[in-house]
Amino acid sequence: MEKVILHCDLNNFYASVEQKNHPEYVGMPLAVSGNPENRHGIVLAKNYLAKEAGVQTGEAIWISRKKCPNIIFVPPHFEEYVHYSNLVRSIYTEFTDRVESFGLDECWLDVTGSLKFFGMTGPQLADHIREEVKRRTGLTISVGVSFTKVLAKLGSDLKKPDATSVLMRSNYMDIIGEMSPSEMIMIGRKTAEKLKKLNIHTIRQLANASRKMLRDHFGVVGEHMVDYAQGIEHEEVKHYYDTHVPKSISNGTTTPRDITTMADAKTVIYALAELVGTRLRKYGLVANGVSLSIRYAETLDGVSRHKTLEFPTSNSADFAKAAVELLKEMHSFPTPLRAMTVGAIRLDDKCVKQLCLIDDGEREERLEDSVDKIRGKYGYNAITRGVVLANNLTGNLHEEDGFEPFKR
C-alpha cells in the first residue's frame, strides 16, 4: 500500500504566536527579534506583511526598519512558542501515533493506517487537521501530502499560508520537476552549486542523473539524492512516544562585546559547557568528544575543530577544559572573537561509561548531579560557576540561548 505522509508546518510560527497574544498587532508588519544590547539584534521571524516589505530572517534590525519603517519589533517569548508547539503536536497525535518533530514548528505524520478509520483520503485528512489546528489554537498550518517524507516537506512549502499541497507519484514530477534541487530538504545551497557544475539544474535532471557519477562526486550521499528525486525513500516516520537520542549537543552565543583575551574566552566557554553538560545529563548521555566553533569579529568568518576525550563524560568541566585546549590551538589573541559554540559529540548512553574512573571523577559527577537538582528546584541561575561571574560576557545566555534543551 502506498504510504500517505503529511508534513505540517506552522505558518510564521513565532510571529503568529505574538499576534495571537497581542491582537493589537493584527494587520501590522511584525518581526520577532533578538536583543540588540547583547548583539543579537537580528530578525528571528516575521509575518507575511513584513515579508512583503522585503524583511528577511537573519538580517539586522536597522536594515529591516529601513525597508519597512512602520514595522513592529517584539522580543521572543520562547515559553509561549513551546506551549503552542506542544498543543499542536497533541492534536496531531489524535490522528496517528507516527508523529515526528522537525523543530518546534514542523512535524511529519504517517497517516497511512488512519485513512480507513477516518473515512478520508490523504488530502481530506490534511484539510481536516488544518481546520482543527486553526479552530483550537488560532494558528494556521500548511500541509504537504505525499508518499515520502522529503516530498511531503517540499509540498508544504508550495502554498502558504493555510493550504494543502498534494504531490502523488503520478504527478509530482510535473509539479516540481523544473525546481532547483536545493528545494529538497537534504540538499543545501553549496551542494546545489556543485550539482550545477555537473549540469544538474533541476529536480528532473537529478532524478535522471547517473548514480555512478554522483557517487564519485558525493559518495553514498549522491545516490541518496537520486533516490529522493525519484521518490524512493525507506525511512519511517518515527513514533511520537519514542525516545529521541540526539547525535550531538551544542550551545553557542554571540557575546555583548568582543572576546579579546583568553580570560574572556574561558568565561564564555565555561558558561556554554554548563549548558551542554546539563542537557547531556538530562538525556542520560555521555560524550566521547568535544567540538569548538569560533567566529571572528572583524570578518565574521568561522573556524571549527574537535577532539576526542580521554574517557566518555557528561561533566561540564571536562568539556570546558577540552574546549579551552582547542581554542589555544585554533586562535591567538588579541585578535577579537564575536561568537563561540561548544558541542558534545559522539554520544553514547551513560551505561557504557567506563567503570575505571578515578574517585575525583566520581565526586565531580555527584557534584554535577547536585547542581542539577538545585537548578531544577530554584531555576538555572540559582547556582553559577565563579569563572562565569567574572565579567558580563555571558549576559542572558541561559534564558535566551538555552531555552530549547530545558523546555522542548
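No lab work stands behind these numbers, since they all come straight from the coordinates. It should be emphasised that the depicted structure is a prediction, and the values quoted were computed from it without experimental measurement. All Cβ positions, glycine included, derive from the backbone under ideal geometry; neighbour counts span all protein chains shown.
May I ask you to evaluate 6.51 cos²θ - 1.76 cosθ + 1.60, the Karplus curve with θ = phi - 60°, for each residue of segment 232-239 and list the ³J(HN,Hα) values in order in whole Hz, giving x for glycine and proline?
9, 7, 10, 6, 7, 6, 6, 5
Within segment 142-213, list the GluC sites (Glu not before Pro) lying in a DSSP loop whose Cβ has at most 12 other Cβ atoms in a 10 Å radius. Don't skip to the answer; put the middle values down first.
Values: sites: 178, 183, 193; in loops: 178.
Counting only loop positions with at most 12 other Cβ atoms within 10 Å, the GluC sites (Glu not before Pro) in segment 142-213 are 178.
Mind listing which GluC sites (Glu not before Pro) in segment 257-333 are in a DSSP loop and have 11 or fewer other Cβ atoms within 10 Å? Please report the intermediate quantities before stating the final value.
Values: sites: 274, 298, 310, 325, 329; in loops: 298.
Loop-located and lightly packed - 298.
Kindly put 87, 326 in sequence by how many other C-beta atoms sit within 10 Å of each C-beta, fewest to most.
On the way: 87 13, 326 21.
So the ranking, lowest neighbour count to highest, is 87, 326.
Sort 62, 108 so the one with the fewest other Cβ atoms within 10 Å of its own Cβ comes first.
Ordered by Cβ neighbours within 10 Å, fewest first: 62, 108.
Projected onto the charge dipole of segment 1-100 (+1 at Lys/Arg Cβ, -1 at Asp/Glu Cβ, origin at the Cα centre), which of 78, 45, 95 gives the Cα projection farthest towards the positive end?
Towards the positive end, the residue furthest out is 45.
Compare the Cα positions of 191, 148, 161 along the charge dipole of segment 128-228 (+1 at Cβ of Lys, Arg; -1 at Cβ of Asp, Glu; about the Cα centre) and return the one farthest towards the positive end.
Sorting the options by dipole projection puts first 191.
Could you give each residue of segment 13-27 its phi-based ³J(HN,Hα) in whole Hz, using Karplus coefficients 6.51, -1.76, 1.60 with θ = phi - 60°, and x for Gly or Pro?
Coupling constants for segment 13-27: 3, 4, 5, 5, 5, 5, 5, 5, 7, 9, x, 5, 8, 4, x Hz.
Please report, in debye to the nearest 20, how large the charge dipole of segment 75-191 is about its Cα centre when each Lys and Arg carries +1 at its beta carbon and each Asp and Glu carries -1 there. Intermediate values should be presented prior to the final figure.
Working: 14 positive and 16 negative charges, 36 e Å.
Its charge dipole is roughly 180 debye.
With a 10 Å Cβ neighbour count serving as the proxy for reagent exposure, in which order, fewest first, do 191, 341 appear?
Fewest-to-most Cβ neighbours within 10 Å comes out as 191, 341.
Can you tell me the dipole magnitude for segment 1-176 around its Cα centre, using point charges on the Cβ only (Lys, Arg +1; Asp, Glu -1), in Debye to the nearest 20? Please report the intermediate quantities before stating the final value.
Working: 20 positive and 21 negative charges, 62 e Å.
Roughly 300 debye, rounded to the nearest 20.
List, in order, the whole-Hz ³J(HN,Hα) value for each residue of segment 159-170 obtained from phi through the Karplus relation with A = 6.51, B = -1.76, C = 1.60 and θ = phi - 60°; use x for Gly and Pro.
10, 9, x, 6, 8, 10, 10, 10, 10, 9, 4, 6
Could you let me know the centre-to-centre spacing of segment 203-268 and segment 93-169, using Cα atoms, in angstrom?
If you average the Cα positions of each part, the centres end up 23 Å apart.
Calculate the translational D of segment 177-230 in whole µm² s⁻¹ from Stokes-Einstein, where the hydrodynamic radius comes from the Kirkwood formula applied to all Cα pairs, the temperature is 10 °C and the viscosity 1.306 mPa s.
D, rounded to a whole number, is 151 µm²/s.
In this model, which of 3/51; 116/159; 67/197; 247/321; 46/321; 153/190 are farther than 30 Å apart at the alpha-carbon? Walk me through the intermediate numbers first.
Values: 3/51 35 Å; 116/159 27 Å; 67/197 35 Å; 247/321 22 Å; 46/321 39 Å; 153/190 20 Å.
Flagged as over cut-off: 3/51; 67/197; 46/321.
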